[in-house]
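Derivation of every value follows stated rules applied to the coordinates shown; laboratory data play no part. Remember, it's a predicted structure, so these values are computed and weren't measured experimentally. Ideal geometry is used to build each Cβ from the backbone, glycine not excepted, and the neighbour counts take in all protein chains shown.
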Amino acid sequence: MTEWARQCSARYSRHPWILAATDMRRQIMGPNQLGWVETALAALAGTGLSAAQRHDTFLLLVGHVRNITQQYVDHDEAANAQWAQLTADVLERHADRFPALTLAIAEGAFAPQGGDPLDFGLERILDGVAALIP
């Protein structure tokens with residue numbers, strides 16, 4: 001499933017228009033999209049998870065992949081710098097209303113960590129799914 005998720009993310013990154021074209025609305029899926037679902041469900045076959053759990057695992061993983069990939073696609077360094085400055089200005093005036101957020105920022109929560117958010121989420125998700133497997 002980790003490899004499936006990485007390949008899916010790579011596909012979305014190479015063709016970002018796919019994110020909008022496959023936004024999970026109730027629509028008829030084409031053969032390529034069905035193939036991605038098939039591959040994910042096949043990878044989960046034999047795990048002992050119920051059909052509903054396998055489907056929910058697919059939805060959880062594809063949601064994570066889409067979210068992280070959309071963030072990469074939308075990344076704009078200038079806009080990030082502007083957001084950081086505006087947010088810092090608001091927090092400076094209202095730190096008492098947002099103490100946990102103010103502390104998290106001061107401790108570097110939003111600073112680049114060097115790790116891959118895709119992998120971080122995949123590890124947490126798959127560890128949780130593994131706990132369901134008999």
Legend entry - Test result for residue 41, of a type outside the set (Val, Ile, Thr) and in contact with a helix residue (DSSP H, G or I) (Cβ under 6 Å, 6 or more places away or on another chain): yes
Inset, instruction - Would you confirm whether any residue within segment 25-34 is part of a loop (DSSP other than H, G, I, E, B) and either crowded, with 17+ Cβ neighbours inside 10 Å or on the phi > 0 side of the Ramachandran plot (or both)? - result: no
Inset, instruction - Within segment 67-112, track down each residue that is under 29 Å from residue 6 (Cβ atoms), assigned to a loop (DSSP other than H, G, I, E, B) and free of Cβ contacts under 8 Å to residues at least 24 places away in the same chain. - result: 75, 76, 108, 109, 111, 112
Inset, instruction - Would you mind finding the one in 95, 88 that is surrounded by 10 or more Cβ atoms within 10 Å (Cβ to Cβ), touching a helix residue (DSSP H, G or I) at 6+ places or on another chain (Cβ under 6 Å), over 29 Å from residue 122 (Cα atoms) and not charged (D, E, K, R)? - result: 95
Inset, instruction - Would you please name the residue that is farthest from residue 46 (Cα to Cα), looking only at residues in segment 1-10 that are free of Cβ contacts under 8 Å to residues at least 24 places away in the same chain and surrounded by 12 or more Cβ atoms within 10 Å (Cβ to Cβ)? - result: 10
Inset, instruction - Of the numbered conditions (1) closer than 17 Å to residue 122 by Cβ; (2) part of a helix (DSSP H, G or I); (3) out of contact with any helix residue (DSSP H, G or I) (no Cβ under 7 Å at 6 or more places or on another chain), residue 58 fails exactly one; give the number of that condition. - result: (3)
